[in-house]
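Read through the structure below, which is laid out as structure tokens, and then see the notes.
The values are calculated or read from the model by the stated rules, or taken from the named source; none is laboratory data. All of these numbers come straight from a predicted model, not from anything done at the bench. All Cβ positions, even for glycine, are placed from backbone atoms using ideal geometry, and neighbour counts span all protein chains on display. To get the accessible areas, we keep the full protein, side chains included, count just its heavy atoms, and leave off ligands, DNA and RNA. Shrake-Rupley method; radii C 1.70, N 1.55, O 1.52, S 1.80 Å.
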Amino acid sequence: MGWWQVSADTLAGSRFVLSPLAETFACLKLLHAGVGGHPGEQAWLRAHLPAYRRRLARDPVTAWLVRAGLGRSWIADFLTPTPEDAESFEAGVARVRAADPARARADLRVSLAEPPPAGAAERLGESPWLARDDLPERAARLLEYVWADAVRPDWDRRRRVLEADVVARTAQVSRGGWAAVLDALRPGTRWLGESRLQVNAHEYPPREISGARLVFVPVTPQTGWVSWEEPRRYAVVYPCAGALADGGGRRARVPTALGALLGPGRARVLVLLDSPLSTTQLTAVTGQALGSVGRHLKVLLDAGLVERRRAGRSVLYVRTGAGQVLVATAGARGERDGGAARGRPDGRG
């Protein structure tokens, strides 16, 4: 397994960062795979995959670059510069474009996992395209296409989802410490103890990152990776959690007792707020009207079952301790009684 040696000071100074470039690269990975993990991803692929494939069919060099760069167990490093705080997409993709061509070729040989000896490229089947100097430029242009066509039109919604995830993780750190958060980031990532952070399941040498800047970067597609700029910056990119990310809000199970106490619509809002969400997000995932969601939130706030937090430009709501106890108690009672109510779709009651 691959792991990093992380000092207490490095972990204490780590932070969550939003990155439009990381979101765009995650979407490129999703397009490359061509298979969505949940209905939201599947719908997104139906909308964008045909045009993406037509583009690559017209540009075989870039099509090869994607296949080579997204290797079986290693991503070519120049494609994933380590995110910086408050970095715009344009600034991030400029770093991809500015990559040294020789470095890009070296990174691609690693991701291809077939580094040939000198002079044996053709015999071992190395693509002649690997000798090109325009590979960083081609990668940057493809990322710009994915951003403009498939990410930027929906960026405000995506950003709110990511902000909600950050607020939820930050609250989890305050409740249970970093170990609880790191164990739940993504498959292959967990806190091993003794200042060791496992970052993947591959057999790579450990890295000493004490004294470096460590950032955690959520993305909405269900994927992730790690990146670094030795010796000063390291990043763990992980898939965000929550009902909005996977389109599961309308299917949220509402315990019968909770629905009877609060009304199905209000109970559904409370159930969804295990992760922080905005009013707009709750409207999107429940299908309820904005006014109805607002009234539910006011009642829940007045009752001390939810609280407000600010994340950037968004106001997010999350269950309080009392809200957690109420949902857990009602859920346990529902399991004993053998059922849960789904509630009416209009949220009235």
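When Ser275, Ser111, Ser73 are compared by accessible area of protein heavy atoms, the largest-first order is Ser73, Ser275, Ser111, using a 1.4 Å probe. Just the accessible area for Asp100, please: 1.4 Å probe, Å², rounded to the nearest 10? For Asp100, the solvent-accessible surface is approximately 80 Å².
Using R0 = 51 Å, the C-beta based FRET efficiency linking Ala180 and Arg103 works out to 0.85.
Once R0 is set to 56 Å, what does the formula 1/(1 + (r/R0)^6) return for the Cβ-Cβ distance between Ala260 and Arg46, expressed as a FRET efficiency to the nearest 0.05? Numbers along the way, then the final one.
Working: r = 39 Å, r/R0 = 0.70.
Using R0 = 56 Å, I get an efficiency of 0.90.
With a 1.4 Å probe rolled over the protein heavy atoms of all chains, the accessible area of Glu23, Glu203, Glu229 falls in the order Glu203, Glu229, Glu23, largest first. When all protein chains stay in place and ligands, DNA and RNA are ignored, the 1.4 Å accessible-area order of Ser210, Ser7, Ser174, largest first, is Ser174, Ser210, Ser7.
Ignoring everything except DSSP H segments at least 4 long, calculate the 222 nm mean residue ellipticity for the chain; use -39,500 (n - 2.57) per segment, divide by total residues, nearest 500. Could you put the intermediate results ahead of the total?
On the way: 15 runs with 167 residues, N = 349.
My calculation for the chain gives -14500 deg cm²/dmol from helical runs alone.
Stretched out straight at 0.36 nm per residue, the stretch from Asp133 to Ser210 would grow longer than its current Cα-Cα span by 24.2 nm.
Accessible surface for Trp228 stands near 50 Å², nearest 10, in the context of the full protein assembly shown (1.4 Å probe). Short to long, the 20 Å bins of the Cα pair-distance histogram for the chain hold 28, 52, 19, 2 percent of all pairs.
Full extension of the chain between Asp59 and Arg152 gives 31.2 nm of extra length, using 0.36 nm per residue less the Cα-Cα distance. Counting only DSSP beta bridges with both residues in the chain, the antiparallel share comes to about 65 percent.
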